[in-house]
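Asker: Would you mind keeping the following structure in view while I ask a few things?
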Amino acid sequence: MSVALSPQFSSEPPHDCDSVWRGATLVTMQDGHYNLIENGAIAVTGGKIVWTGTVASCPDFPGAKVHEFEGGIITPGFVDCHTHLVFGGDRSAEFEQRLNGVSYAEIAAAGGGILSTVNATREATEDELLAQALFRLEPLLAEGVTCVEIKSGYGLSVESELKMLRVIRRLGVMLPVEVKSTCLAAHALPPEFKGRADDYIDLICETLLPVVASEHLADAVDAFCEHLAFSPAQVERVFIAAQALGLPVKLHAEQLSSLHGSALAARHRALSADHLEYATAEDAQVMAASGTVAVLLPGAYYLLRETQCPPVDEFRKYCVPMALASDANPGTSPALSLRLMLNMGCTLFRLTPEEALAGITCHGARALGLQTTHGSLETGKVADFIHWPLSRPAELVYWLGGQLPCTVVFRGEVRGEFRL
């Protein structure tokens with residue numbers, strides 16, 4: 001474990017403070033490392049951290065509400081930086097079919113696969129999509145997710161993509177969680193555009209994205225760069241259109257083959273490139289130069305029984321930040337536990353526990369452009385953190401399944417029990 005940090009206070013510590021949380025080891029995750037503060041304290045004002053350090057060095061904050069913990073650890077709130085939580089229906093029947101030997105091609109020919117989700121999403125009302133998304137989001141919140149990214153991408157029409165994005169925005173208003181919205185209209189080719197992929201890209205760039213930007217429905221724009229989806233040239237058109245509207249970009253890349261989409265994303269200074277099983281050393285170098293985060297998604301790797309691992313050693317070599325996410329989606333990663341991804345990241349991708357925890361805190365925040373406000377326990381950042389009655393951070397990775405007891409603090413207040 002990392003050595004303790006020096007307390008973060010100036011010669012003039014803040015006089016005003018709403019609350020002090022003390023008596024546990026702070027796992028600050030500064031610079032992607034544990035950076036422990038034994039017997040630590042956190043002072044919070046207006047939903048932000050104003051001081052951290054040891055209990056012994058904590059200034060006197062008259063009038064502050066003091067929360068005492070009897071040991072344990074405090075981590076930053078978890079960041080799930082890649083999900084597809086809003087969609088219609090589910091594909092559990094197809095999952096069972098595949099396990100019984102039915103091929104994906106046979107399922108798709110019978111109307112299944114991603115197009116079954118597209119049809120269910122198009123048919124659902126906003127309220128129906130909202131109710132289904134709430135059901136999926138609750139387990140993530142219960143285990144400490146305080147910031148979540150949610151993508152569109154199952155509407156594949158202007159009307160249905162906007163419907164999905166409105167639902168995502170509603171989730172952020174309704175629940176005590178930071179929700180970032182991503183437009184993923186370039187996820188798959190809709191059936192009505194069969195053989196006309198460039199025309200669909202035209203629709204996204206010329207019609208959909210201007211509305212998304214004008215109505216502030218998305219914080220970023222994503223695409224799927226793959227042989228079965230869109231080419232690098234088509235993706236670049238989406239990137240250019242998005243960035244002209246002031247929207248940052250990210251990319252599903254190198255999941256099934258190497259098209260160097262991650263390098264394309266890096267050249268456009270994308271927030272992240274995600275999946276990356278087939279990324280190369282060259283891709284890693286370009287990503288490092290641009291600051292593009294590598295988002296690893298072990299849930300999809302596991303469910304698809306993939307054998308090609310992301311090039312973790314290359315990302316380490318070139319100092320590419322590595323995030324982890326649930327990739328919660330109906331087809332390839334019906335994952336409702338981000339903590340399980342910690343274990344999968346270590347067992348399947350050979351991350352260390354420290355790297356895995358950085359992946360759902362500071363690097364997950366960086367993948368959403370939130371590195372200055374979220375992801376670590378530092379002065380000036382949002383007061384999102386979790387107390388765990390555990391002996392060390394590695395326990396978060398070690399336990400398989402189940403819900404560990406925890407106290408989740410969101411913007412300086414205990415996030416109480418809620419029923420969706």
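We did not get these values from a lab; they are worked out from the coordinates using the rules stated. Since the structure is predicted, the reported quantities are computational estimates derived from the model, not experimental observations. No Cβ is skipped: glycine too gets one built from the backbone with ideal geometry, and neighbour counts run over all protein chains shown.
Asker: Let me know the charge dipole size of the range 225-322 about its Cα centre in debye, to the nearest 20, where only the beta-carbon of Lys, Arg (+1) and Asp, Glu (-1) is charged.
Answerer: That gives a dipole near 280 debye.
Asker: Tell me what the chain gives for mean residue ellipticity at 222 nm when only DSSP H runs of n ≥ 4 count, each as -39,500 (n - 2.57), the sum divided by the residue total, rounded to 500 deg cm²/dmol.
Answerer: -9500 deg cm²/dmol
Asker: Starting at the first residue of the range 88-97, write each ³J(HN,Hα) from the Karplus equation 6.51 cos²θ - 1.76 cosθ + 1.60 with θ = phi - 60°, in whole Hz, x for Gly and Pro.
Answerer: Here the 3J(HN,Hα) series is x, x, 8, 10, 5, 5, 5, 4, 5, 4 Hz.
Asker: Also: How would you classify the range 342-412 from its alpha-carbon gyration tensor, with a ≥ b ≥ c the square roots of the eigenvalues: rounded for a/c under 1.5, else prolate if a/b is greater than b/c, otherwise oblate? Don't skip to the answer; put the middle values down first.
Answerer: Values: a/c = 2.39, a/b = 1.29, b/c = 1.86.
Verdict is oblate for the range 342-412.
Asker: While we're on this one: List the pairs from Lys180/Lys381; Lys180/Lys250; Lys65/Lys180; Lys48/Lys250; Lys163/Lys381; Lys163/Lys250 whose alpha-carbon separation is above 24 Å, in the order I gave them.
Answerer: Violating the 24 Å Cα-Cα cut-off are Lys65/Lys180; Lys48/Lys250; Lys163/Lys381.
Asker: So for the chain, taking the charge dipole from beta-carbon charges (+1 Lys/Arg, -1 Asp/Glu), which of Ala220, Ala289, Ala108 sits furthest toward the positive end?
Answerer: Working it through, the farthest residue towards the positive pole turns out to be Ala289.
Asker: What is the ratio of the Cα radius of gyration of the chain to 2.2 N^0.38 Å, with N the residue count, to two decimals? Working shown, then result.
Answerer: Values: Rg = 21.4 Å, N = 420, 2.2 N^0.38 = 21.8 Å.
Compactness ratio reported: 0.98.
Asker: Is the range 65-222 rounded, prolate or oblate when judged by the Cα gyration tensor, a ≥ b ≥ c being the square roots of its eigenvalues, rounded requiring a/c under 1.5 and prolate requiring a/b larger than b/c? Could you put the intermediate results ahead of the total?
Answerer: Numbers: a/c = 2.49, a/b = 1.44, b/c = 1.73.
Oblate, since a/c reaches 1.5 and b/c is not below a/b.
Asker: How many angstrom lie between the Cα centre of the range 170-246 and the Cα centre of the range 266-339?
Answerer: Cα centroid to Cα centroid, the span is 20 Å.
Asker: What distance in nm separates the simple spin-label points at Val173 and Gln403, each placed 7 Å from Cα in the Cβ direction?
Answerer: Spacing of the two 7 Å Cα→Cβ label points: 2.7 nm.
Asker: So between Cys319 and Gln285, what do we pick up on full extension, going 0.36 nm a residue minus the alpha carbon distance?
Answerer: In short, 11.4 nm is gained.
Asker: Can you list residues whose amide H is under 5 Å from Val295's amide H, if they're 5+ apart or on another chain and H is modeled 1.01 Å from N?
Answerer: Here the answer is Ala273, Asp274, His275, Ala323, since their amide H atoms fall under 5 Å of that of Val295.
Asker: May I pose another question? I'd like to know which of Gln132, Ala279, Gly153 lies farthest towards the positive end of the charge dipole of the chain, counting +1 on Cβ of Lys and Arg and -1 on Cβ of Asp and Glu.
Answerer: Ala279
Asker: Would you mind classifying the range 163-301 by shape? Square roots of the alpha carbon gyration tensor eigenvalues, ordered a ≥ b ≥ c; an a/c under 1.5 is rounded, otherwise it is prolate if a/b is larger than b/c and oblate if not.
Answerer: Oblate shape, in that a/c is at least 1.5 and b/c is the bigger or equal ratio.
Asker: Tell me which of Leu348, Tyr318, Gly331 sits at the most positive position along the dipole axis of the chain, charges placed on C-beta atoms (Lys, Arg +1; Asp, Glu -1).
Answerer: Ranked along the dipole, the leading option is Tyr318.
Asker: On to the next question. Given the alpha-carbon gyration tensor of the range 262-420, what are the semi-axes of its equivalent ellipsoid in whole angstrom, ordered largest first, with each equal to the square root of 5 times an eigenvalue?
Answerer: Working: eigenvalues 141, 76, 40 Å².
After scaling each eigenvalue by five and taking roots: 27, 20, 14 Å.
Asker: Mind listing the phi-derived Karplus ³J(HN,Hα) values for the range 158-170, rounded to whole Hz, using 6.51, -1.76 and 1.60 with θ = phi - 60°, and x for any glycine or proline?
Answerer: 4, 4, 6, 5, 5, 4, 4, 5, 5, 4, 4, 5, 5
Asker: Placing +1 at every Lys and Arg Cβ and -1 at every Asp and Glu Cβ, with all other atoms neutral, what dipole size does the chain have around its Cα centre, in debye to the nearest 20?
Answerer: 180
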